[in-house]
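Report on one structure; see the data block that follows.
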Amino acid sequence: MTSLPPEDPLSPIGEDDRDTAVNRLQEAYAEGHISHEEMDERLHQVLTVTTRGELVSAIASLPAQKPATTSTIAVASGWIRRRGAWRVPRFLKVESAYGKVALDLSRAVIEHPVVDIELQLPYGRARITVPRDAIVEFEDLRTEWKDPRYKPRQRSSPGGPRIRISGVMGYGRLKVRHARR
């Protein structure tokens, strides 16, 4: 999650800025910094303001955000597997010279609205299973040999995490699919 950049207080806000503010409120409530009633009031304010200055004032007294963490999983060869109820960091870097990667996010604990996964796989392949309501982006992924395989869901319910996949896939292939349940 990023904080709101300082800009002209009279400039209109975008949906990403509004989403960031809502997530900051939810985080502050979950950590016990604000009451349920205060969260409701501020949430209403965040959802109805139109300018950056109004949005900044709605979240100004919240405690500072925790810095986002980056985790790295690296092997020279072999399998990298994550499945079940594992905690997904905001930034995940996966490195393997000759191995295979299998990441199952369908039952994982995803605490962030956006998860960035950077793949560094010169000769390996990767299979990523995302939650049913996830939005997947991989425009920043560079492939040398085969294009990624991904079939977006016909109907996607709003509110799911955004999974952004970047990095380099050399002579392997990335396969992304949505969980069936």
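What follows is calculated from the coordinates using simple rules that are stated; it is not laboratory data. All values derive from a computational prediction rather than experimental measurement. Backbone-built Cβ (ideal geometry, glycine too); neighbour counts: all protein chains shown.
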Among SER71, ILE110, THR143, whose Cα sits farthest toward the positive end of the charge dipole of the chain (+1 at Cβ of Lys/Arg, -1 at Cβ of Asp/Glu, about the Cα centre)? THR143
Just rank MET39, MET169, fewest to most, by other beta-carbon atoms within 10 angstrom. MET39, MET169
Place a +1 charge on the Cβ of each Lys and Arg in the stretch 41-132 and a -1 charge on the Cβ of each Asp and Glu, then give the dipole magnitude about the Cα centre in debye, rounded to the nearest 20. 460 debye
Would you mind computing, in nm to one decimal, how far apart the modelled labels at SER61 and LYS146 are, each placed 7 Å from Cα along Cα→Cβ? 5.7 nm
Debye, to nearest 20: dipole size of the chain, +1 on Lys, Arg Cβ, -1 on Asp, Glu Cβ: 1760 debye
Taking the Cα centre of the stretch 14-92 as origin, work out the dipole magnitude from +1 charges on Lys and Arg Cβ and -1 charges on Asp and Glu Cβ, in debye rounded to 20. 760 debye
Which value in nm describes the separation of the simple spin-label points at GLN45 and VAL22, placed 7 Å from the Cα toward the beta carbon? 1.8 nm
Dividing the alpha-carbon Rg of the stretch 15-142 by 2.2 N^0.38 Å yields what? 1.31
Quick one: of the DSSP bridges fully inside the chain, what percent are antiparallel, nearest 5? 0 percent
The chain: angle of helix 15-30 to the longest principal axis, Cα-based, in degrees nearest 10: 80 degrees
Loop-resident sites, the stretch 125-175, for GluC sites (Glu not before Pro), counting at most 12 other Cβ within 10 Å (DSSP): GLU139, GLU144
Using the 10 angstrom Cβ neighbour count as an exposure proxy, how do VAL109, VAL22, VAL114 rank, fewest first? VAL109, VAL22, VAL114
Of LYS151, LYS175, how do they rank once you tally other Cβ atoms within 10 Å and put the fewest first? LYS151, LYS175
Within the chain, count lysine pairs with alpha carbon atoms under 19 angstrom apart where the residues are 8 or more positions apart or belong to different chains. 5
How would you order 74-85, 44-55 from highest to lowest mean count of nearby Cβ atoms within 10 Å? 44-55, 74-85
What's the FRET efficiency of THR72 with LYS175 using the Cβ-Cβ distance as r and R₀ = 25 Å, to the nearest 0.05? 0.70
Summed side-chain charge close to VAL88 - residues other than VAL88 whose Cβ falls under 10 Å, Lys, Arg +1, Asp, Glu -1: +2
Under a plain spin-label model, where a point goes 7 Å from the Cα along Cα-to-Cβ, how far apart in nm are HIS36 and ARG81? 4.2 nm
